[in-house]
Ligand SMILES: [Zn+2]
């Protein structure tokens, strides 16, 4: 089985990105792992600090280890938006393959200092580290920023050289949550190209790249939901970014939440006499699996 380092190298070489999908319960984790196997592609199973609080760190690791046993294609366990050295260390000690240290809200020097500390510990255990520089707007679990700040390519280069991180998340106009582009942003592909010139063959990570499908939003809203003006990243633009740039990992959280909620709202309404929770959760799991498989193909440059 390829190590996470080898999987990233393959992404750079073959010009595609891996999907990093957030899980929050058993069904979402099953959906990610099953989609990876069916698409014959590696997947990254991401868990945020607040999802860890919900599930429990050891439970999350045990769930992942049990469910990913005997898989034909690689699956990696990743900490999403670790905000402190302590949480990254806990994840590394518990057996994560990869951690993200998000010091993006700190000053440049503080971010470098914190990221370097995590890299020093993680690399001794062979654990992959993602850093972040630049600020994404929006709201995702405990990550909440009103304004974005585009990454400065020179700063990104300096950050990578000083910290020796394995990958870097950059801000090019995407944002967390279901309401993207309301802060009058657009995707700045020019910044991405500039970073690649300064840091050739270095893995870049894109956060806040959910597409927020209009049909799913409609399904939620006609069944009692209230998601007004939800908007995401354009599918085609995303596919081109994965194919033509060094983006090796694209995070998906919001789109999974949306299909989960849409499915629950639909089945609860359509089966009012059903009281078996597994019926509703199985349907929701299938919806999550479908959207995850769609993303895996999209990041590989294939539209289905
Ligand atoms: Zn994120």
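The numbers here are math on the coordinates, done by the rules we state, and not lab data. Quick caveat: nothing in here was measured; it's all calculated off a predicted structure. Note that we place each Cβ from the backbone using ideal geometry, even for glycine, and neighbour counts take in every protein chain shown.
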Problem - Antiparallel bridge percentage (DSSP; both residues within the chain; nearest 5) - result: 10 percent
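Relative contact order for segment 149-304 using alpha-carbon pairs under 8 Å, separation at least 6, rounded to a whole percent?
Relative contact order for segment 149-304 comes out at 22 percent.
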Practice task
For helix 153-163, report the angle its Cα long axis makes with the longest principal axis of the Cα atoms of the chain; keep it between 0 and 90° and round to the nearest 10°.
Solution key: 80 degrees
Problem - Using alpha-carbon coordinates, inclination of helix 4-14 to the longest axis of the chain, degrees - result: 90 degrees
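Which order do peptides 77-83, 196-202, 159-165, 7-13 fall in by mean Cβ count within 10 Å, highest first?
77-83, 159-165, 7-13, 196-202
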Exercise for the section: Pick out which of 41, 62, 100 has the largest mean-square fluctuation in a Gaussian network model of the chain, springs linking Cα atoms closer than 10 Å. Expected result: 62
Handout entry: Degrees, to the nearest 10: 57-67 long Cα axis against longest axis of the chain
Key = 70 degrees
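Summing -39500 (n - 2.57) over the DSSP H runs of n ≥ 4 in the chain and dividing by its residue number, what mean residue ellipticity at 222 nm do you reach, to the nearest 500 deg cm²/dmol?
Value at 222 nm, helices only: -15500 deg cm²/dmol.
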